[in-house]
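Taking it in order: structure first as structure tokens, then the write-up.
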Amino acid sequence: MLIDAHVHLDKYGDRLDDALKEIETEQIFTVATAMDVPSYLELQKIGERSDLILPTFGIHPRRAAEYAERLSEIGQHIETSPAIGEIGLDFHWVKDTSTYPAQRKVLEYFIVAAAEQNKFVNLHTKAGEKEILDLLEKYCVKRAIIHWYSGPMDILQAMIDYGCYFTIGVEVLYSDYIKEIAKAVPDRLLLTETDNPGALRWLKKNDEVGMPTAIRQIVSVLADLRRSAPEQIESVVHANFARLIAEDPRLEQVARKLSIPTS
Ligand SMILES: [Zn+2]
């Protein structure tokens, strides 16, 4: 089974039905990450339409400033969510430095909750890579997916040593640096994502809507880079995701779904 471990399904608008159809037809297990509270509420509704979709609650670093004084509201939604994401830090694309303390406050709140409730996290780390690794270590959060890693190689290695998983996404189709990262991640920590529907549009500066089957292109490029075959990459990623959620009492149903033999 293909795994897309970082997608913004609530952003599809009138293409949502098409996207859900592709997810079902191609059997793509999809982690649907939220950006904020309304996004999570929408994802919960979308999640009812397919058991291949896992909606997770997070506040994106871009939205953190709006939520820094609303931590108890955040806490209520964390309780209902089986995992956590998208959360993180962005000190690169977010230029307004006055939001950085709020980003740190909201992220730490989520990390503490993830530790207490033993939930996996889906992290955006842009220019906050080292700080995020320090937080994971400080609170002993072991199950972490690093989404679209593009930071320094030495921090990548430190995150690998800590046992973080990495979702390789659409930028691997275009960037030599991301290709290097995609080669450096060991088999046991490799995951895939599309960051649909906006990532391709953002990279190519056009109006392309990323569709779920884009995950196949990523798998195929990973196979070339890692001197492997697409079927092999698919099964490695599937096994890794299954391991990430194994023995998670909130994800037993998902684990059963993933235990169905592929191919
Ligand atoms: Zn995202």
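The values are calculated or read from the model by the stated rules, or taken from the named source; none is laboratory data. All values reported here derive from a predicted model rather than from experimental measurement. When we count neighbours, we look across all protein chains shown, and the Cβ atoms used for this are built from the backbone with ideal geometry, even at glycine. When the accessible area is computed, the model is the full protein with side chains, heavy atoms only, and any ligands, DNA or RNA have been set aside. Shrake-Rupley method; radii C 1.70, N 1.55, O 1.52, S 1.80 Å.
Select from segment 96-139 the residues that are of a type in the set (A, V, I, L, M, F, W, C) and within 16 Å of the ligand (Cβ to nearest atom) and write down the one among them that is most open to solvent (accessible area, probe 1.4 Å). Break it down stepwise before answering.
At the first step, the residues of segment 96-139 found to be of a type in the set (A, V, I, L, M, F, W, C) are 102, 106-107, 110-115, 120-121, 123, 127, 132-133, 135-136.
Right, trim to within 16 Å of the ligand (Cβ to nearest atom) and you get 106-107, 110, 120-121, 123, 127, 132.
On the way: Val106: 2, Leu107: 4, Phe110: 0, Phe120: 2, Val121: 0, Leu123: 0, Ala127: 56, Ile132: 2 Å².
Top of the filtered list is Ala127.
Determine which member of the set Pro82, Pro55, Pro38 is more than 15 Å from the ligand (Cβ to nearest atom) and under 15 Å from the mean Cα position of the chain (by Cα). Even if it seems obvious, please write down each step before you answer.
On the way: Pro55 fails: more than 15 Å from the ligand (Cβ to nearest atom); Pro38 fails: under 15 Å from the mean Cα position of the chain (by Cα).
That would be Pro82, the only listed residue that is more than 15 Å from the ligand (Cβ to nearest atom) and under 15 Å from the mean Cα position of the chain (by Cα).
In this structure, does Glu208 turn out to be touching a helix residue (DSSP H, G or I) at 6+ places or on another chain (Cβ under 9 Å) and not in a helix (DSSP H, G or I)? Lay out the reasoning, then the answer.
Working: touching a helix residue (DSSP H, G or I) at 6+ places or on another chain (Cβ under 9 Å): yes; not in a helix (DSSP H, G or I): yes.
Considered against the rule, which asks whether it is touching a helix residue (DSSP H, G or I) at 6+ places or on another chain (Cβ under 9 Å) and not in a helix (DSSP H, G or I), Glu208 comes out as yes.
Here are some residues: Asp51, Asp36, Asp18. Which one is out of contact with any strand residue (DSSP E or B) (no Cβ under 7 Å at 6 or more places or on another chain) and under 19 Å from Thr125 (Cα atoms)? Full working, then the answer.
Details: Asp51 fails: under 19 Å from Thr125 (Cα atoms); Asp18 fails: under 19 Å from Thr125 (Cα atoms).
Of Asp51, Asp36, Asp18, the one residue that is out of contact with any strand residue (DSSP E or B) (no Cβ under 7 Å at 6 or more places or on another chain) and under 19 Å from Thr125 (Cα atoms) is Asp36.
Give segment 183-204 a look and list any residue that's within 16 Å of the ligand (Cβ to nearest atom) and either crowded, with 21+ Cβ neighbours inside 10 Å or free of Cβ contacts under 8 Å to residues at least 24 places away in the same chain (or both), or say none. Steps first, please.
Taking segment 183-204 as the starting set, the residues that turn out to be within 16 Å of the ligand (Cβ to nearest atom) are 191-203.
Listed by number, the residues that qualify are Leu191, Thr192, Glu193, Thr194, Asp195, Asn196, Pro197, Ala199, Leu200, Arg201, Trp202.
Here is a check on your reading of the model: is Arg63 basic (Lys, Arg), free of Cβ contacts under 8 Å to residues at least 40 places away in the same chain and within 15 Å of the ligand (Cβ to nearest atom)?
Numbers: basic (Lys, Arg): yes; free of Cβ contacts under 8 Å to residues at least 40 places away in the same chain: yes; within 15 Å of the ligand (Cβ to nearest atom): yes.
Yes; evaluated as a whole, the condition is true for this residue.
Which members of segment 1-29 meet the condition of being open to solvent by less than 10 Å² (accessible area, probe 1.4 Å), over 22 Å from Arg256 (Cβ atoms) and away from the ligand (no atom under 16 Å from the Cβ)?
If the condition is that a residue be open to solvent by less than 10 Å² (accessible area, probe 1.4 Å), over 22 Å from Arg256 (Cβ atoms) and away from the ligand (no atom under 16 Å from the Cβ), then no residue fits.
Restricting to segment 140-150, what's the tally of residues that are within 16 Å of the ligand (Cβ to nearest atom) and without any contact (Cβ under 8 Å) to a residue 60 or more places away in the chain? Don't jump to the end; show me each part of the working.
Here is the first cut: in segment 140-150, the ones within 16 Å of the ligand (Cβ to nearest atom) are 144-150.
With without any contact (Cβ under 8 Å) to a residue 60 or more places away in the chain added as a condition, the list becomes 144, 146, 149-150.
Residues that pass the stated criteria total 4.
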